[in-house]
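Chemist: Handing you a structure now.
Every number here is computed from the coordinates shown, using simple stated rules; none is lab data. Just so it is clear, the structure is predicted and the values come from calculations on it, not from any experiment. Reconstructed Cβ throughout: ideal geometry from the backbone, glycine too, with neighbour counts over all protein chains shown.
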Amino acid sequence: MAEIELKTAPADFRFPTTNQTRHCFTRYIEFHRCLAAKGEESDECVRFAKYYRSLCPGEWIERWNEQRENGSFPGPL
Amino acid sequence: MFLVASLYFTRPKLDLAPAMPKDSHAFLGFWLVKPTQPAIPVFLNWESKNKSLFFLGGAEQSKNEPNQMIVLEWLFLTIAPCDAAEPWQLGSQDAATPMMQGIIDLHHDIFFFLILILVFVSRILVRALWHFHYQKNPIPQRIVHGTTIEILRTIFPSIIPMFIAIPSFALLYSMDEVVVDPAITIKAIGHQWYRTYEYSDYNCSDEQSLTFDSYTIPEDDPELGQSRLLEVDNRVVVPAKTHLRIIVTPADVPHSWVVPSSGVKCDAVPGRLNQTSILVQREGVYYGQCSEICGTNHAFTRAPGNIGRLLSPLWLSRTTQGASHPRSKLLQRAAGAVWSRGARQ
Ligand SMILES: [Cu+2]
């Protein structure tokens, strides 16, 4: 059996509480800012993508993606 | 470990076991007749024949482990599992995490003071009633003031809550802290009336995901040995002895994700992600129910999932083993208690 490395978004000292809503949102924004800064093909942003996918419910991501396409995304990008 | 857990859970009945016949096949008939009782003799036989079974999670994994797993799987899907509520149960369910062990210990600590106070107050009350009698004590004493007694009865009742508060806060804050990087994030999304679980740590795009719905098996549908309104169609499989981050949120109305033997009760609030972290220390099937009135079917399909099937040999890779020690002193102590309890069986 191949070794599976278990890995997920690390505990973030900015979000030490039970409420992780901001954590997910911030990681999502960080990813898109990273894309904007480094360019779409950059590999550096992949880890941010992993983080927000680990933390955010799929439904939320879907909605945010839609909002970004429509230009109605509420956060700073 | 599942077997260990079962034995521990049913310990008061163990004395009956030696009187039972030793052949496991004999029990087959027995437990088909009475599905709730027979777990004990079957497990006892297992223990004597397959000592190695008890170390599935440890280093002593044998080569025919997959076969044993199949046998275990067959056994445990058929026999009523023990990490669920029992009829007429008075105490907590068996602890599977340091958190739950801490809760149980705190309960016992508090009960010490509780009984102390109960005995003392009853004594005063009964004594007063006894002596307040027109024949034995025609002229009652009239004490309206006493400095010594007033100082004593002010100071002692204020010290006792301190003894209760200190361990209580210690436990509360050690449950709250998430200092260790978790190994897996599982999202438990509450719906009316089922639960969706997402494992998205390995997704490569937003569209891809490992998601499944977990419905309660309806009241008229469970197979022999399954717990009524606790069993679900899709169980959540998580690794044992690993830090898990559970993100709890609903998609409609408020729900609550609860697993009693893990000491977790996490409210699911719309628009908010609540995190709870657990470290399950033994393998087993754990049951829980929604704990927030969430609509008509809350009472009937009231177990919207919450079930961890913890099989460490399948999941636990060496990379995670180092990361499985609780940070706080209190949780470490509690962890020791769970482990030593497991070893004693
Ligand atoms: Cu619910």
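Chemist: Count neighbours as other Cβ atoms within 10 Å of each site's Cβ, and list the GluC sites (Glu not before Pro) in region B:196-286 that are DSSP loop with at most 16 such neighbours.
Modeler: B:E207, B:E219, B:E223
Chemist: Any idea what the relative contact order of region B:222-284 is, in percent, if you count C-alpha pairs under 8 Å spaced at least 6 apart?
Modeler: Relative contact order for region B:222-284 comes out at 34 percent.
Chemist: Sorting A:W64, B:W88 on the 10 Å Cβ count, fewest up front, what's the list?
Modeler: Ranked by crowding around the Cβ, least crowded first: B:W88, A:W64.
Chemist: A follow-up question, please. Please compare each pair in A:K7/B:K241; A:K7/A:K50; B:K187/B:K241; A:K50/B:K241 to a cut-off of 21 Å on the Cα-Cα distance and tell me which ones are over it.
Modeler: A:K50/B:K241
Chemist: Pop the C-beta distance of B:I159 and A:E41 into the FRET formula with R0 = 60 Å and round what comes out to the nearest 0.05.
Modeler: For R0 = 60 Å, the calculated efficiency reads 0.35.
Chemist: Ok, one more. For the residues A:K7, B:K241, what sequence is obtained by ranking on other C-beta atoms within 10 Å, fewest first?
Modeler: So the residues, fewest neighbours to most, are A:K7, B:K241.
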